[in-house]
Amino acid sequence: MNPVTSTRALARRNSNGLLVLVCLAQYMVILDVSIVNVALPAIRGDLGFSTTGLQWVVNAYTLTFAGFLMLGGRASDLLGRRRVFLGGTALFVAASLTCAVAASQGVLLGARALQGVGAAIISPASLAIITTSFTEGRDRNRALGVWGAMAGLGGSSGVLLGGALTQGVGWPAIFLINVPIGLIVVLLGPRLVPEGRVAGAGRHFDAAGAVLVTAGLTALVYGIVRTDTLSWGAPGVLAPLALGILLLAAFVLVEGKLSADPLMPLRIFRMPRLRSANLVVILLYSGFFAMWFFLSLYLQQVHHDGALETGLAFLPMTLTIVAASSLAPRLVARFGIRNVLTAGMLSASAGLALLTGLEPGSSYAAPFLPGGLLAAAGLGFSLVPATIAAVQGVPAAESGLASGVLNTSRLVGGALGLAVLTTLATSVTDSRLAAGVGTLQAHTDGYRLAFAVGALLCLLGAIAAATLMGRRAEAPAGSVAEEQAA
């Protein structure tokens with residue numbers, strides 16, 4: 001074989017191995033956001049959780065995941081992406097194993113919180129590794145398409161895996177599944193992941209900024225998730241929300257005026273594409289994230305499907321997200337970021353709008369399946385171009401920061417959307433029950449309102465993408481035919 005050809009083939013194999021490895025870790029992280037939901041009744045039965053306490057099996061993970069994202073992203077820039085990525089994975093594996101063997105509520109909740117910290121390290125580091133390891137253009141867009149597919153696959157397959165594992169093996173298996181995945185990443189990582197440390201970094205650390213942003217995001221998300229059991233006007237919600245806003249305002253002041261070596265240089269927000277992409281992602285996840293939650297409730301509470309049946313019902317949506325995410329880079333190469341992102345957001349909005357037609361006696365074939373497929377395609381066609389836009393042109397030294405910002409937008413948008421839409425749906429359900437409407441119809445009416453508001457949020461995201469993303473991005477280097485071949 002020609003030496004040049006051999007070298008190129010080896011480089012491609014190494015880059016493919018790197019991509020598979022970081023996407024495997026990202027899949028594991030996103031999987032743990034959703035896989036727990038179906039297992040909650042079994043966990044409550046074994047460990048004696050109250051209904052109020054049970055929500056913290058989910059919230060302990062979400063809270064620390066969101067709170068430490070910015071810190072995790074910047075740490076990968078300052079300390080070396082490989083070191084931070086593998087350290088976060090090792091922490092995640094250890095916490096998962098502790099969750100599986102937990103014999104008390106306190107141990108499980110503490111381990112779930114540590115899982116969230118590990119996830120906050122892995123997720124921005126994995127995106128930063130892709131951003132700095134692949135050349136901007138066709139290669140990077142292809143890699144981001146696979147990364148986006150894994151993110152969507154993790155969220156949507158969690159219900160299926162959670163149902164199968166809980167029903168067939170027991171709830172500890174939903175945590176044990178992370179152990180072999182994480183060990184593969186830790187063992188192969190030193191050979192495949194480049195160090196990625198910025199020259200001269202690490203001499204100074206913005207401790208004040210790190211404390212303020214972590215505490216601010218944690219307080220903000222804590223206030224949001226407390227709406228599960230409290231009203232939006234309750235002191236237990238308003239106080240942490242106000243504290244979170246004050247701490248984040250102080251963080252902006254420190255970063256912009258006081259810190260000599262800021263954790264988050266504010267100049268990064270001068271990039272219009274990064275600002276616009278994060279706004280669209282917030283709207284996308286605010287409207288879309290709740291879809292899985294409400295459709296799962298609809299199938300189990302209205303249709304009385306079991307955990308495994310519910311998971312299987314989501315399988316077509318899972319496959320659609322993977323297909324759309326894989327196709328999105330080629331569409332970006334041909335039509336540009338703005339056009340693909342706008343079309344994706346419109347598809348998500350149309351799918352959620354179709355779901356407003358659900359009734360207690362609706363069949364799976366309509367409107368559940370077409371609505372779910374359109375919305376799932378919209379997620380795949382939106383997340384990938386938004387990610388490409390968010391990291392396009394960002395200096396390598398700040399790729400972890402940009403990744404942390406994007407992941408924070410996704411998680412905070414999802415948490416905020418779920419809290420608001422749950423409040424609205426519950427309010428409608430309660431008022432319909434008080435009016436004497438049947439239980440199944442009352443619940444369905446609440447879900448329909450949530451889908452309608454979600455559709456509106458995604459429509460606003462489409463408008464934002466069309467008006468704020470600027471001129472369409474130039475096609476990456478190389479012809480469209482080359483892109484399709486890749």
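None of Ala419, Ala397, Ala389 is buried (at least 24 other Cβ atoms within 10 Å of the Cβ), of a type outside the set (S, T, N, Q) and assigned to a helix (DSSP H, G or I) except Ala389.
Of the listed requirements (1) of a type in the set (Gly, Ala, Ser); (2) under 25 Å from Thr422 (Cα atoms); (3) in contact (Cβ under 8 Å) with a residue 40 or more places away in the chain, Ala210 misses just one: (2). Condition first: under 19 Å from Val33 (Cα atoms), of a type in the set (S, T, N, Q), touching a residue at least 12 places away in the same chain (Cβ under 8 Å) and part of a helix (DSSP H, G or I). Can you find one or more residues in region 82-97 that meet it? So far as region 82-97 goes, yes, one or more of its residues are under 19 Å from Val33 (Cα atoms), of a type in the set (S, T, N, Q), touching a residue at least 12 places away in the same chain (Cβ under 8 Å) and part of a helix (DSSP H, G or I). In this entry, Met271 is excluded by the filter for residues that are more than 30 Å from Asp77 (Cβ to Cβ) and assigned by TED's automatic domain parsing to the domain that holds Gly67.
Out of the residues in region 55-106 meeting the condition of being among the polar types (S, T, N, Q) and modelled with pLDDT of 85 or more, tell me which one is nearest to Leu40 (Cα to Cα).
Here the residue is Gln105.
Screening region 24-46 for residues that are of a type outside the set (A, V, I, L, M, F, W, C) and in contact (Cβ under 8 Å) with a residue 40 or more places away in the chain and picking the one that is farthest from Ala125 (Cα to Cα) gives Asp46. Of all residues in region 121-146, those that are at pLDDT 85 or above and either assigned to a loop (DSSP other than H, G, I, E, B) or of a type in the set (Phe, Trp, Tyr) (or both) total 1.
To keep it simple, each residue is scored yes or no on (1) under 17 Å from the mean Cα position of the chain (by Cα); (2) surrounded by 22 or more Cβ atoms within 10 Å (Cβ to Cβ); (3) hydrophobic (A, V, I, L, M, F, W, C).
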site: Ala39; (1), (2), (3): no, yes, yes
site: Asp46; (1), (2), (3): no, no, no
site: Ala60; (1), (2), (3): yes, no, yes
site: Leu79; (1), (2), (3): no, no, yes
site: Arg82; (1), (2), (3): no, no, no
site: Ala90; (1), (2), (3): no, no, yes
site: Leu108; (1), (2), (3): no, yes, yes
site: Gln115; (1), (2), (3): yes, yes, no
site: Phe134; (1), (2), (3): no, no, yes
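Every test in (1) surrounded by fewer than 17 Cβ atoms within 10 Å (Cβ to Cβ); (2) of a type in the set (Val, Ile, Thr); (3) outside any helix (DSSP H, G or I) is passed by Ile463 save one, and that test is (3). In a residue-by-residue description of region 110-120, the property of being assigned to a helix (DSSP H, G or I), farther than 30 Å from Ala60 by Cα, assigned by TED's automatic domain parsing to the domain that holds Gly393 and in contact (Cβ under 8 Å) with a residue 24 or more places away in the chain applies to no position.
On the stretch given as region 122-147, residues that are closer than 14 Å to Val384 by Cβ and hydroxyl-bearing (Ser, Thr, Tyr) total 1. Among the residues of region 160-184, just one is closer than 22 Å to Gln105 by Cβ, of a type in the set (Gly, Ala, Ser) and within 21 Å of the chain's Cα centre (by Cα), namely Gly162. Can you find a residue that is over 25 Å from Gly470 (Cβ atoms), modelled with pLDDT under 90 and assigned to a helix (DSSP H, G or I) anywhere in region 263-284? There is no residue in region 263-284 that is over 25 Å from Gly470 (Cβ atoms), modelled with pLDDT under 90 and assigned to a helix (DSSP H, G or I). Only one entry in Leu383, Leu374, Leu379 is surrounded by fewer than 24 Cβ atoms within 10 Å (Cβ to Cβ) and hydrophobic (A, V, I, L, M, F, W, C), namely Leu374. Checking every residue in region 250-262 against the condition of being of a type in the set (Val, Ile, Thr) and either out of contact with any helix residue (DSSP H, G or I) (no Cβ under 9 Å at 6 or more places or on another chain) or outside the structural domain of Gly148 (by TED's automatic domain parsing) (or both) gives at least one match. Of all residues in region 47-57, those being touching a residue at least 24 places away in the same chain (Cβ under 8 Å) and either part of a loop (DSSP other than H, G, I, E, B) or more than 19 Å from Ile224 (Cβ to Cβ) (or both) number 3.
The values are calculated or read from the model by the stated rules, or taken from the named source; none is laboratory data. Computed from a predicted model, the values in this text were never measured in an experiment. Every residue, glycine as well, gets a Cβ built from its backbone with ideal geometry; the counts of neighbours run over all protein chains shown.
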